[in-house]
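> Got a structure here, written out as structure tokens. Questions coming.
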Amino acid sequence: MTEIADAPAVRLTSLAHGGGCGCKLAPSVLQQLLADQVEVNPFRHLLVGTETGDDAAVWQLDEDTCVIATTDFFMPMVDDPYDFGRIAATNAISDVYAMGGRPIMALAILGMPLDKISTDMVRRILQGGKAVCATAGIPVAGGHSIDSPEPIYGLAVVGTCRPKDVRRNSGAKPGDALILTKALGVGIYSAAIKKEALSESGYAELIASTTLLNRIGSELAQDPNVHAITDVTGFGLLGHALEMARGSGCALVIRESDVPLFSEAASLACDGYVTGASRRNWASYGEAVMLPPDMLEWRRHLLTDPQTSGGLLIACERVGATALVEKIIADGYPSARLVGHVELGLSSITVQ
């Protein structure tokens, strides 16, 4: 990597027009861009491609092994470079866990404004990413860097799993229960950070959640009663739930009162600390979502809030779902909750 001349200390978030998974293209824009890219898969070993907006690609090597490949990168949503690196790496690795796999290797993706950011800050970003990869038990085996107008960091991640353990977002069945493993509010908290309005305890809550690896996904995929998994990121809970509904050909019902939230998320959303991505999300898929007639806009923003390194949305057999939530909590995900169920019907979301 090119040596970067020392630059004055600067807030990382001030260098980016957006942050975290809130940088993602709106779902409607992405659909337009990919409209002529999705076609009948001619590769018999490609088990998962672009057909249903899944979290990663899956290629079957032989009868016992699949390779999972994904990439994810974005601009900073926090000012601490080490925390930025940790969040970005955790988020990228999540896609492998969401498919039911275990990561084996990562490559770094780095773009930095060389005239605005110091060498030390860039090193701290890379160190944060490496630390998370070490926790996941994988090396950062290489990567690529460019000079870019805004700071960008992320990973390309490779993982493996057994063919029978692959979990898509399209396997939900009528009667299934829905589980969410992490609380919502990442985008709302990042909006508050930009305006220096997030408390120290709120920041600690944010970092604890966004640097918590979703490794539970690879364990859940070995349970035949778990039918579908996806991670909740930039499109918000409603957007990723709708992808599951469309992929599965079912209707999903979300119970708003059961959805876990960060401790300050509701009050901050009520005070207007929401992202532009939340509004773009709703504009993209709102026609497929039925809300309670009395729902206030700030409450809706909680459900469309873009999550960065968010939790897993899981569709599983209703019988045993409560016990599964208890297991997930015991395994280190204290915010895990039953949040809804799957029904027969047109691909849509109903919020109760």
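The values are calculated or read from the model by the stated rules, or taken from the named source; none is laboratory data. Being a predicted model, the structure only gives us computed values, none of them experimental. Reconstructed Cβ throughout: ideal geometry from the backbone, glycine too, with neighbour counts over all protein chains shown.
> Residue by residue through the range 47-69, note down the ones that are assigned to a strand (DSSP E or B) and without any contact (Cβ under 8 Å) to a residue 40 or more places away in the chain. Show your work before the answer.
The initial filter retains those residues of the range 47-69 that are assigned to a strand (DSSP E or B), namely 47-48, 57-60, 66-69.
Selection gives Ala57, Trp59.
> Within the range 70-167, considering only strands (runs of 3 or more DSSP E) that don't extend past its boundaries, which have at least 2 residues that are touching a helix residue (DSSP H, G or I) at 6+ places or on another chain (Cβ under 6 Å)? It would help to see each step written out before you state the result.
Details: elements: 102-112, 140-147, 152-161.
Answer list for the range 70-167: 102-112, 152-161.
> Just need a number here: residues in the range 48-82 that are among the hydroxyl-bearing types (Ser, Thr, Tyr) and at pLDDT 90 or above. Give the steps one after another, and end with the answer.
Here is the first cut: in the range 48-82, the ones among the hydroxyl-bearing types (Ser, Thr, Tyr) are 50, 52, 65, 70-71, 82.
Still in the running and at pLDDT 90 or above: 65, 70-71, 82.
Matching residues across the range 48-82 total 4.
> Please tell me if Ala98 is farther than 30 Å from Asn225 by Cα and not charged (D, E, K, R).
Working: farther than 30 Å from Asn225 by Cα: no; not charged (D, E, K, R): yes.
For Ala98, the condition - farther than 30 Å from Asn225 by Cα and not charged (D, E, K, R) - is not met.
> Identify all residues within the range 297-352 that are in a loop (DSSP other than H, G, I, E, B) and closer than 12 Å to Leu237 by Cα; write none if there are none. Steps first, answer last, please.
Just the residues of the range 297-352 that are in a loop (DSSP other than H, G, I, E, B), to begin with: 305-311, 317-320, 331-336, 344-347, 352.
If the condition is that a residue be in a loop (DSSP other than H, G, I, E, B) and closer than 12 Å to Leu237 by Cα, then Asp305, Pro306, Gln307, Thr308, Gly310, Gly311 are the ones that fit.
> Is it true that Thr210 is surrounded by 20 or more Cβ atoms within 10 Å (Cβ to Cβ), at pLDDT below 95, assigned by TED's automatic domain parsing to the domain that holds Gly320 and among the polar types (S, T, N, Q)?
Numbers: surrounded by 20 or more Cβ atoms within 10 Å (Cβ to Cβ): yes; at pLDDT below 95: no; assigned by TED's automatic domain parsing to the domain that holds Gly320: yes; among the polar types (S, T, N, Q): yes.
Taking the combined requirement at face value, the residue does not satisfy it.
> Also, quick follow-up: Check off (1) within 27 Å of Met77 (Cα to Cα); (2) touching a His at 6+ places or on another chain (Cβ under 9 Å) for Val253 and give me the number that stays unchecked.
Only one criterion is unmet by Val253, namely (1).
> Restricting to the range 191-239, what's the tally of residues that are in contact with a Lys or Arg (Cβ under 7 Å, 6 or more places away or on another chain) and small (Gly, Ala, Ser)?
5
> Here is a check on your reading of the model: is Leu184 buried (at least 24 other Cβ atoms within 10 Å of the Cβ), under 22 Å from Glu243 (Cβ atoms) and at pLDDT 95 or above? Can you show your working first?
Numbers: buried (at least 24 other Cβ atoms within 10 Å of the Cβ): yes; under 22 Å from Glu243 (Cβ atoms): yes; at pLDDT 95 or above: yes.
Spelling it out, Leu184 is indeed buried (at least 24 other Cβ atoms within 10 Å of the Cβ), under 22 Å from Glu243 (Cβ atoms) and at pLDDT 95 or above.
> Read through the list (1) within 30 Å of Arg215 (Cβ to Cβ); (2) touching a Leu at 6+ places or on another chain (Cβ under 8 Å), then give the number of the only condition that Gly320 fails.
(2)
> Restricting to the range 220-271, name every residue that is touching a Ser or Thr at 6+ places or on another chain (Cβ under 6 Å), among the small types (Gly, Ala, Ser) and at negative phi.
The answer is Ala245, Gly247, Ser248, Ala251.
> So which residues in the range 289-319 are modelled with pLDDT of 95 or more and more than 20 Å from Leu184 (Cα to Cα)?
Cys316, Glu317, Arg318, Val319, listed by residue number.
> Does any residue of the range 25-46 turn out to be modelled with pLDDT of 80 or more, closer than 27 Å to Leu198 by Cα, out of contact with any strand residue (DSSP E or B) (no Cβ under 9 Å at 6 or more places or on another chain) and assigned to a loop (DSSP other than H, G, I, E, B)? If you could, list the steps in order and put the result at the bottom.
From the range 25-46, those modelled with pLDDT of 80 or more are 45-46; that's our starting set.
Of the ones still in play, those that are also closer than 27 Å to Leu198 by Cα are none.
No, there is no match, as no residue in the range 25-46 is modelled with pLDDT of 80 or more, closer than 27 Å to Leu198 by Cα, out of contact with any strand residue (DSSP E or B) (no Cβ under 9 Å at 6 or more places or on another chain) and assigned to a loop (DSSP other than H, G, I, E, B).
> From (1) within 14 Å of Ile87 (Cα to Cα); (2) among the β-branched types (Val, Ile, Thr); (3) surrounded by fewer than 17 Cβ atoms within 10 Å (Cβ to Cβ), pick out the condition that doesn't hold for Ile146.
The failed condition is (1).
> With respect to the numbered conditions (1) in contact with a Lys or Arg (Cβ under 9 Å, 6 or more places away or on another chain); (2) surrounded by fewer than 24 Cβ atoms within 10 Å (Cβ to Cβ); (3) modelled with pLDDT of 95 or more, which one is the sole condition not fulfilled by Ser263?
(1)
> Of a type in the set (Asp, Glu) and more than 19 Å from the chain's Cα centre (by Cα): which single residue out of Asp95, Asp80 fits that description? Explain how you work it out, then say what you get.
Details: Asp95 fails: more than 19 Å from the chain's Cα centre (by Cα).
Result: Asp80 is the single residue among Asp95, Asp80 that is of a type in the set (Asp, Glu) and more than 19 Å from the chain's Cα centre (by Cα).
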